[in-house]
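Working notes, beginning with the structure itself.
Taken together, the values in this text are just the output of simple stated rules run on the coordinates, not laboratory data. These figures come from a predicted structure and were not determined experimentally. Here Cβ is always computed from backbone atoms with ideal geometry, including for glycine, and neighbour counts include all displayed protein chains.
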Amino acid sequence: MSDGAPSRPESAAPRGGRFWSRMLRALGPVLAALAVGALILLLLGRDPLVFYGDLFRAGLVSASGWQGMITRLAPLLLIGTGFIVAFRAGLWNIGGDGQFVLSAAFVAGLAPAVMSSVSRPTGLVLLALVGMVVGGGWTLLPALLKAWYGINEIITTLMMSFIGINLANLLIKGPWRSAETTVPQTGAVPLSDLLPRFGGTTIHVGIVVGMLSVLVGWYVLDRHAVGLRLTILGANPRAAVHAGLHVKRIIVVTFFVSGALIGLAAAVEILGVWGYMRADWNPGFGLALFALVFLARLSPLAMVPLAAFYAVLEIGGHEAARRSGLDYDFILVLIALVLLFLAVSQLLGSSRDERRGLATRLVARLNPRRQP
Amino acid sequence: MSELLSATFLTALVSGAILAGLPLLFAGLGELVGEQSGILGIGMEGYMLLGAYAGFNGALYGGSPWVGMLCGVVAGLAIGSVVMLLSVRLGLDQVVVGIGVILLGEGLTSLLHAVQFGASYPRLGEMNDLPIPLLSRIPVLGESVFSQPLIFWAGIALVFMVRWMLRSTRWGLDLRAAGEKPRALDAAGVSVIAVRSWAVLVSGALGGLGGAYLAVVSAGVFVAYMTNGLGFIAIVVAMLARGRPGWVLGGSLIFGLCLSVATALQVIGVDVPTDIVYMLPFLAVMVALAAFARRSYLPAALGVPYGRGER
Amino acid sequence: MDVPAVELRGITKVFPRVVANDRVDLCLFGGEIHALLGENGAGKSTLMHILAGVLRPDSGTVLIDGMPVKMDDPGDARAHGIGMVYQHLTLVPGFTVLENVMLGGRGTFRLDRKRARRAYLESAGSLGADIQPDAMTGDLPLGRQQQVEIIKALASGARVLILDEPTALLAPAEVVDLQRAMRSLSERGMAVVLISHKLPEALEVADRVSVLRAGRAAGHLTPDELRNLSSERTREVVVRMMFGDDADALSDLAEVSLPATSIGVRRTLPEKFALRLDGVSATRERQETGVGEVSFEVRRGEIFGVAGVEGNGQRELAEVLAGQRTVTSGVLEFEGEDVTHLGVSERERRGLRFVTEDRMGEGTVSSLPVSINLLLKHVGRRPYWTRGGRTVRGAVRKTAGEIMQEFDVRAPSPETLCGTLSGGNIQKVVLGRELSFAPRLVVYDKPTQGLDARTTRALRLRIQQMAAGHEVAAVLISSDLDELLALCDRIGVMYRGSLAGIVENSGPDVVERLGRLMLGGDRGRAVE
């Protein structure tokens, strides 16, 4: 993984074996993290079984649970696809939070005016475009700096993220502040003007947009020339130049698309769930999804179940934490554990030969005077 | 406008710059050492948060700010050894590990603080200033620069120490070789892994110290996510410093200035919206990068794990 | 003289696909120059890497002065007095010469520069090298850098000095200097080991010869035996040891059979130009040599050689020709068309191809299948991708299979990941890609480097066949003069980023003229 996107190993094992080994590789870190999480719970004097029970009930089983989960899933799928597109090209777009919050602010801020001027479908589409343009636009400066001067995009996207979040707050507290509330927030758009929902549920059509982005993302990345170019750039930037790819163009466009997808996620969230936006609001999907995207080995399809898992954690986590008297940050710790276990799971390799020598390799690698 | 040039404002500005810049100095030096050896220390934010939390608790329960500093260093060493194990010894991807450290630092410290103190935020007493006789009488500079607690002078001394280490010791030579051409170091019979391991530990220790300073001296309190991006600014400072500790000092003070300008303005009664205040340092970073980063120097082997025998 | 300074006993080293060393025995004596010979891939470097502590053998022992020792890492080797000058230099470009020499020395925490300086001047003096200790290593020409490496080994107290293919970096005159240095070091009691696949140079200085073939010890010549054989006979014997039964078939390779001479016969070439450069200069990074005001022409079907000591702009020139480096001034014409500002893709389409030296770092993508690598420069083009951009897997597979067949790429299937192939096969993938789809002119950058004799021969034949009938021209960049002399019609010499001169490959003194140009003499175009 040192030159960009992680490799997508293909083993010679039979298809069935390959599927199970992939499942194991993905589930392993998750289960390990849950186990360590249980330990921490015990140390904090809570009952892990009760906690996890509450978690899964509130997040998945109850009616409000699974509806809430699917609603939560919509923006996650879009953000996840946005990350995958960038990471496959070896571009570390870490500024997801800033892109999300700023796009949300624009969408929420402009929504009252837009929705009262045009028809509902036109308005929704327009606002979605606004979200995409803002999200994509916010990546342009880091993209250009990377493409032209090779400036590390981890720093630049992160800086832009902080700036974006503060800018969003300024806008909400300033020009778009609604006069009707004491707490700073934008004007609200009535439910009837928001994204339509599936009959009888709280699930809005944003989930369809999310699933579509996953499918299109998968298709473009795996079956299309555009995706192949991205992959080449991510796997070996020098080979990309050698192959005659327009590297600068690919960098800028990929960044823009990544940001646009994240901006669309913000639009979907605002227009599907809230209808307005409070100042200082930041759901913080970005950093957490980062782990899941890698766990899915940058495959849009594999990301879906993992994002769903995260959604369950989120929806159920609030409830479970509340019941156990814990802060929600415990969930963040769980996710951090998943990420660290993921890094360890890389060691497990993919081929049987590598796994056979695992113990010897582990010992050998730990020896500072080692050699391959 | 004449108030902008008043002694009050300038003193507040310089004091604030030092207060805000010193954590950057420690973290920046730590980052510098790591980068020179070829380690991309993305997780600095995590080091600082863990150091801040440990430092705060150390000062609170230990009764002295120095105990707090020590605890910060220890916390930094602890997380540094985890990073050392994963990134250096096992050769796992430095970016993934780094971001994991950030998340861990954020989540863990926030969680532990909530468990420990709930919604209350106990404050620490101020650290004692050490006014230097005679020099502390100079207007503006006297009250700000020359009336700093001992830890400030320790920081300045650290700059010279790091500079000396890099240039005039075997360890510094090995470090720079590990960052620029690890194959050369290996062929010369020195363990690249060992050198980088030490570098990561130093990096963690200094990052933890920076965080401890932030909580114990600058703020006097611990709040979740209190570093607020300081770790990343430290990375940028180290990047732009191009291997020179003196530049880390300069960069820290300049960014410290950005961080403290708003508070200083409030002292003379100018009210600036907090959101702009928070934005300033990051805007400054973007400007610095856009203007100067073409000339930033990063060691050739940065971010690439070392494997002997690989061409 | 009885107890060898170093003895390697029963050394075996196995890699995933190949047995690099198979129970090899070797003795090194002080005061001798020991030539370790064999074709590329015979296992010479592996064996010496084991002695230098970089690799650990699967079985076998290393004995120093008759005592078995632990040789686990380069530190151990250094402690036992083994010094190695690697093929790819291990100096830090950003350090001064003195700092590079100080690296790895035992000693105090605080660097004692004064003492190091004294030790440096002593070692440098004994070698006869005049290099300022405060010079920036990266700025020195490669021949000087190599000297620094030797000084470094001397300063650390080496008693055994291993030189791994040292002449690849040197101009002919510098090779002579190196030979002289080796002689003087051995006379002072050092055990000098010369690893080489080039017979003539090695046999000129060797006191003792060991030959490896396919990982096994294939033969040995003691100093007495060498003294008693004529140089021609020696060569015959060694060639037979190197190649076994194939000796006759393969001995026509220039590097093996005869000292460098030209091909003698002048081909008549058409008037039309395939490639024309006029005053071309290109962008350059800080540490690079770059390309400055280069002008030359290549006629249709001509094989134009580019010689020069490594690091004089050859790599940059190749990039300019391929379209990977922006031209800042001058004109580049291909088949009559101005392509100066066209990119890699457009040039490739017109038949201008580039076989890069860096097969794995640039020429292929290890994590992608062979089939995609073979079509790497065709991404998005019909019929492998539809107009909408969808991948047409069937077409990709079919063409990939055909190319693999023609170029003898050994891999289980076109879907095999390229990174799992052996080095030689990866080169064949690069060749398969660049030489298919109707090439018109191919730029080769060190195409036979590291390849075994059989593959090398096949490739050289292919280059010649393609050029016959004036079909496909070639620009052949190589640091191997013998190769250039065997194949090229004319040879240009790069020096400090420009063409020091162009020499017609005929006549008795071609080597001499090339050698002078490689060191910067004879400025201005010298086309006869």
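Structural remarks
- The trypsin sites (Lys or Arg not before Pro) of segment C:161-230 that meet both conditions, a loop assignment by DSSP and at most 13 other Cβ atoms within 10 Å of the site Cβ, are C:R188.
- Estimated distance in nm for a label pair at C:R457 and C:R180, the labels positioned 7 Å out from Cα along Cα-to-Cβ: 3.8
- Averaged over the residues of A:320-326, the number of partner chain Cβ atoms lying within 10 Å of the residue Cβ comes to 1.
- With kT/(6 pi eta Rh) evaluated at 37 °C and eta = 0.692 mPa s, and Rh the Kirkwood radius from Cα pairs, chain B diffuses with a coefficient of 166 µm²/s according to Stokes-Einstein.
- Peptide B:221-230 has a mean of 1 when you count, residue by residue, the C-beta atoms of other protein chains within 10 Å of its C-beta.
- Estimated from the Cβ-Cβ distance and a Förster radius of 51 angstrom, the FRET efficiency linking C:R23 and C:E122 is about 0.80.
- For the protein assembly as shown: span of alpha carbons on each principal axis (Å, largest first): 103, 75, 62
- Projected label points at B:A291 and C:E512, each 7 Å from Cα along the beta carbon direction, are separated by 6.2 nanometres.
- By the count of other C-beta atoms within 10 Å, a proxy for reagent exposure, B:C71, C:C27 are ordered fewest to most as C:C27, B:C71.
- For the pair C:E406 and C:E232 in one chain, pulling the backbone fully straight at 0.36 nm per residue adds 58.8 nm over the alpha carbon distance.
- Test item: B:165-176 mean partner chain Cβ contacts at 10 Å: 4
- Footprinting exposure proxy ranking of B:W198, B:W164, fewest other C-beta atoms within 10 angstrom first, gives B:W164, B:W198.
- Kirkwood hydrodynamic radius (C-alpha pairs) into Stokes-Einstein, segment C:365-427, 10 °C and 1.306 mPa s, D in µm²/s: 134
- Segment B:Q266-B:A224, extension gain: residue separation times 0.36 nm, minus the distance between their alpha carbons: 12.7 nm
- Among A:L245, A:L43, A:L313: highest mean-square fluctuation, GNM of chain A, C-alpha pairs under 10 Å: A:L43
- Listed from fewest to most Cβ neighbours within 10 Å, the set C:D245, B:D93 follows the order C:D245, B:D93.
- Size of chain A as Cα extents on the principal axes (Å, biggest first): 68, 57, 37
- Calculated FRET efficiency for the pair B:A114/A:A35, C-beta based, R₀ 25 Å, to 0.05: 0.65
- Principal axis analysis of the Cα atoms in segment C:6-250 yields extents of 57, 39, 32 Å, listed in decreasing size.
- Calculated SAXS-style log₁₀ I(q)/I(0) at q = 0.15, 0.18, 0.21, 0.27 Å⁻¹ - segment B:207-275, Debye, Cα scatterers: -0.60, -0.83, -1.04, -1.25
- A simple spin-label model places the labels of C:T268 and B:M161 8.3 nm from each other, with each point 7 Å out along Cα-to-Cβ.
- Theoretical FRET efficiency, 1/(1+(r/R0)^6), r = Cβ-Cβ of C:E471 and C:Q132, R0 60 Å, to 0.05: 0.70
- Here the ratio of the Cα radius of gyration of chain C to 2.2 N^0.38 Å is 1.01.
- Computed from the C-alpha gyration tensor, the three semi-axes of the ellipsoid equivalent to segment C:280-362 are 19, 15, 14 Å, from longest to shortest.
- Listed pairs C:K44/C:K152; C:K377/C:K398; C:K377/C:K446 exceeding 19 Å between Cα atoms: C:K44/C:K152; C:K377/C:K446
- Rounded to the nearest 5, the antiparallel percentage of DSSP beta bridges internal to the protein assembly as shown is 55%.
- The protection proxy used here, the mean number of other Cβ atoms lying within 10 Å of each residue, ranks peptides B:183-195, A:157-169, C:500-512, B:16-28 as follows, highest first: B:16-28, A:157-169, B:183-195, C:500-512.
- Length released on extending from A:L43 to A:A63, taking residue separation times 0.36 nm less the Cα-Cα span: 4.0 nm
- Around C:V205: net Lys/Arg minus Asp/Glu count, Cβ-Cβ under 13 Å: -2
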